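A short write-up of the structure that comes next.
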Amino acid sequence: MEKLIFEKSVKGRKAYTLPKCNLDEFSYEKLLPEKFKRKVELNLPELSENEVARHFHHLSKMNYCIEDNVYPLGSCTMKYNPKVNDKVASFDGFANLHPHLNEDSIQGALQLMYELGEALKKITGFHGVTLQPASGAQGELTGLLLIRAYHLDRNDTNRTKILIPDSAHGTNPASAVIAGFQTVTIKTNSDGRVNLEELKKLADATTAGFMLTNPNTVGLFEKDILQIEKIIHDCGGLMYMDGANLNALLGIVKPIDMGFDCVHLNLHKTFSTPHGGGGPGSGPLCVSEKLVPYLPIPQITFDGAKYHFEYNLEKSIGKIHTFFGNFLVLVRAYTYILINGTEGLKEVSRSAIINANYLYSKLKSKFHDPFNEHCMHEFLLTGENQKQFGVTTKDIAKRILDYGFYAPTIYFPLIIHEAMLIEPTDTEAKERIDQFAEVMLKIAEEAETNPEILLTAPHNTPVRRVDDARAARYINVNYFKGETKG
Ligand SMILES: *Cc1c(COP(=O)(O)O)cnc(C)c1O
């Protein structure tokens, strides 16, 4: 490892070459009013282009990416994203559009958004769609604001509560609170599913809706979904589906047929946009007829000849994102859907389910299996068996890194101790899954014979074990020239 990676600056070095401005009167010194001019020098590192390129290339090699190996993150779907998506998203006519262009000059982009919306409606079975939300969480917030608008529009003003299972993704309760609701937690049964008795007890005239992930976050299908739907609808609430990961359902089950009233989809998970490092993402929301009137503006419409922005929707909740959402993520999803087609998408889901069950069957003898059941696109095992040797799930995850694989999602969902949520994804070949399984089984053996090697892992990564607690409490992502803080 190089030392002092971040301190290569030498005063006066430059990485740019700009032509001299010989039209003196147009130089920024002349044009820029005095009050806007910088009074103190900008505190930036000074390096040659060569050193800048090396710096970033070096950093990129310290990182892990899907081109290195499998990313078995349950609930996050880090599958391989076809490069053709990026190619199409980089076309001039998409990448360089200005959001203020008028309708007539962006008919192609509008057609793409319209047709993507139609495709998502077909996949989910719903009647309306908005492509604006920039993430799954923002899709949730949008859906909950629509549910709120729906109840208020009917003068049903006492519906202040959103019911959420204790296995839900953390964004669910957060979105509900931001949308102005109180949350009510529904317990999970020992079979990993919603406790119907508890749901019946807690659903009442104050229930605005129920947020459910199906397949749920332990990788199992909520078999009682039609009973759940009935309980909620009978008390006047609406059904929100967290469809961040639709990997098990494409072309097989439509959210509308399970009795949901709306669903958000994470294009950056199921529909193949890379999402390491936090974005950009896209969380379109598809809704049933009941919720259509409240959808955000603008809606994109087609009159048979031309595409339009429709702003004139009286009951709309308004805008929830600048302009029209993260457009290039939409381009990638559209490309992915067209290339796969109806049959291809079904195949994506079949492969996701088969891959997950194949890996599950290889690992379940060595790792504690709380539900002992076939899974959907992901499965949950735990590190409980290894605890007797003094190692935790975290130690197992760190050791996986030594073997050149990324670790699965750990300690989520919160209700299962020492959880490992594993999702090989549809894009991994059998040989890769075999390699990953071999590593996991080797680590299970090491836990018994040489626990120390797990406790001190990782050994082969550019950065050894970090202090998570300190990193979370004293987060510092700024560069301060000449100082190493934090
Ligand atoms: C990823 C995920 C979310 C949140 O999506 P973001 O785009 O990260 O906001 C919500 N629910 C589930 C089940 C998820 O896996």
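Computed from the coordinates by the stated procedures, all read-outs in this text should not be read as laboratory data. What you see is a predicted model; the values in this text were computed from it and never measured. Neighbour counts are summed over all protein chains in view; Cβ atoms, including those assigned to glycine, are modelled from backbone coordinates with ideal geometry.
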message = Strictly over 32 Å apart at the Cα level, which of 83/290; 14/39; 87/366; 201/254; 87/290 would you flag in this model?
response = 83/290; 87/366; 87/290
Equivalent ellipsoid semi-axes, region 353-461, via Cα gyration tensor eigenvalues times 5, rooted, Å = 21, 16, 12
message = Could you work out how much longer the chain between residue 343 and residue 51 gets when fully extended? Use 0.36 nm per residue separation minus the Cα distance between them, nm to one decimal.
response = 100.3 nm
task = Quote the charge dipole size of region 23-69 about the Cα centre in Debye, to the nearest 20; the model charges only the Cβ of Lys and Arg (+1) and of Asp and Glu (-1).
result = 240 debye
message = Calculate log10 I(q)/I(0) of region 199-248 for q = 0.16 Å⁻¹, where I(q) comes from the Debye formula with a single equal point scatterer on each Cα and nothing for solvent.
response = -0.46
request  = First measure r as the distance between the Cβ atoms of residue 24 and residue 87, then evaluate 1/(1 + (r/R0)^6) with R0 = 45 Å and state the FRET efficiency to the nearest 0.05.
outcome  = 0.55
request  = Using label points projected 7 Å from each Cα along Cα→Cβ, tell me how many nm separate residue 292 and residue 314, to one decimal.
outcome  = 1.6 nm
key: Equivalent ellipsoid semi-axes - Cα gyration tensor, region 243-363, angstrom   = 30, 17, 15
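Length gain on complete extension for the stretch residue 80 to residue 252, per 0.36 nm per residue less the alpha carbon to alpha carbon distance?
Extending this stretch completely gives an extra 59.8 nm.
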request  = Would you mind working out the magnitude of the charge dipole of the chain relative to its Cα centre, with +1 at each Lys and Arg C-beta and -1 at each Asp and Glu C-beta, to the nearest 20 Debye?
outcome  = 1140 debye
key: FRET efficiency for residue 65 and residue 196, using Cβ-Cβ distance with R0 set to 51 Å, rounded to 0.05   = 0.75
task = Please check which bits of region 237-266 a label hung off residue 154 would reach, taking the label as a point 7 Å along Cα-to-C-beta and the cut-off as backbone N under 11 Å.
result = 237-239
Extension reserve of the residue 448-residue 460 stretch, reckoned as 0.36 nm per residue once the Cα distance is removed = 2.2 nm
key: Structure-based [θ]222 nm, the chain - -39500 (n - 2.57) summed over DSSP H runs of at least 4, per residue, nearest 500   = -11000 deg cm²/dmol
inquiry  = What are the ³J(HN,Hα) couplings of region 451-456, residue after residue, when phi is run through the Karplus curve with 6.51, -1.76, 1.60 and θ = phi - 60°? Round to Hz, x for glycine and proline.
reply    = x, 3, 5, 7, 5, 9
